[in-house]
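Everything on this sheet refers to the single structure shown next.
The values are calculated or read from the model by the stated rules, or taken from the named source; none is laboratory data. Nothing here was measured: the structure is a model prediction, and the numbers come from that model. Please note: Cβ atoms are built from the backbone with ideal geometry, for glycine as well, and neighbour counts cover all protein chains shown. For the accessible areas, the whole protein counts, side chains as well, though only heavy atoms, and no ligand, DNA or RNA atoms are used. Shrake-Rupley method; radii C 1.70, N 1.55, O 1.52, S 1.80 Å.
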Amino acid sequence: GDSVTQMEGPVTLSEEAFLTINCTYTATGYPSLFWYVQYPGEGLQLLLKATKADDKGSNKGFEATYRKETTSFHLEKGSVQVSDSAVYFCALSGNNQGGKLIFGQGTELSVKP
Amino acid sequence: NAGVTQTPKFQVLKTGQSMTLQCAQDMNHEYMSWYRQDPGMGLRLIHYSVGAGITDQGEVPNGYNVSRSTTEDFPLRLLSAAPSQTSVYFCASRKGRTLNSNYEQYFGPGTRLTVT
């Protein structure tokens, strides 16, 4: 079945460092890909999405490009802030899943001043 | 527009007790779902619904029941709580009923459940 694999955390960075969180997926057909963010004590919020190959999603300085050839959707940010500390989830919505989201296990990011 | 609301925020149950987690949305979304979040496992789908009167099972449905009598509400019932059901539960909703949806899912704030 469809699945999502993320790099394990926690990831600890200093403020203004470059961030990459790796995400790869397995799916039949052409899924839509998402990054969700969960701040402490809160529910998940959509950060960005891409619906077809080579699409780039971007929001709040974060970017991810849908790479069908490598089945990847890595999250990047050029300069992280303390306020970016959160758990980040990669997810897909595929053709054969009834519109359900399949999540990766989440990557905790901690940014130190 | 309150979005997706969940009650209660916290709950402690004893093994064998039953309870209902409430979920409501005011966005007229067709699709609603329940997930559980456990450390190192991401979110796993329990049950979902594509409209009033229609429900289906997700990855981990055992021990849980749902119903969808209205578009707005999607309660999750634990019939006989077990310690393995200790988790954080999230309700979510989105537009549309179709497969492979790229509509954003909106999540509630979660219910933290402990079963002793």
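Here is a yes/no grid of residues against (1) of a type outside the set (Gly, Ala, Ser); (2) within 15 Å of the chain's Cα centre (by Cα); (3) within 8 Å of chain A (Cβ to nearest Cβ); (4) over 25 Å from residue A:38 (Cβ atoms):
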residue: B:12; (1), (2), (3), (4): yes, no, no, no
residue: B:18; (1), (2), (3), (4): no, no, no, yes
residue: B:23; (1), (2), (3), (4): yes, yes, no, no
residue: B:32; (1), (2), (3), (4): yes, yes, no, no
residue: B:47; (1), (2), (3), (4): yes, yes, no, no
residue: B:53; (1), (2), (3), (4): no, no, no, yes
residue: B:69; (1), (2), (3), (4): no, yes, no, yes
residue: B:87; (1), (2), (3), (4): no, yes, no, no
residue: B:93; (1), (2), (3), (4): no, yes, no, no
Within segment B:30-53, the residues that are under 18 Å from residue B:95 (Cβ atoms), open to solvent by 20 Å² or more (accessible area, probe 1.4 Å) and outside any loop (DSSP other than H, G, I, E, B) are B:48, B:50
Of (1) over 20 Å from residue B:40 (Cα atoms); (2) facing chain B (nearest Cβ under 9 Å); (3) in contact with a strand residue (DSSP E or B) (Cβ under 9 Å, 6 or more places away or on another chain), residue A:91 satisfies every one except (1)
Q. Going by the structure shown, is residue B:104 out of contact with any Cys (no Cβ under 9 Å at 6 or more places or on another chain), buried (at least 16 other Cβ atoms within 10 Å of the Cβ) and within 25 Å of residue A:31 (Cβ to Cβ)?
A. no
In segment A:49-76, anything crowded, with 20+ Cβ neighbours inside 10 Å and more than 8 Å from every other protein chain (Cβ to nearest Cβ) is listed as A:50, A:57, A:62, A:64, A:66, A:73, A:75
Within segment B:55-67, the residues that are away from every other protein chain (no Cβ under 14 Å) and under 17 Å from residue B:84 (Cα atoms) are B:62, B:63, B:64, B:65
Of the residues in segment B:4-29, those that are more than 12 Å from residue B:107 (Cα to Cα) and not in a loop (DSSP other than H, G, I, E, B) number 9
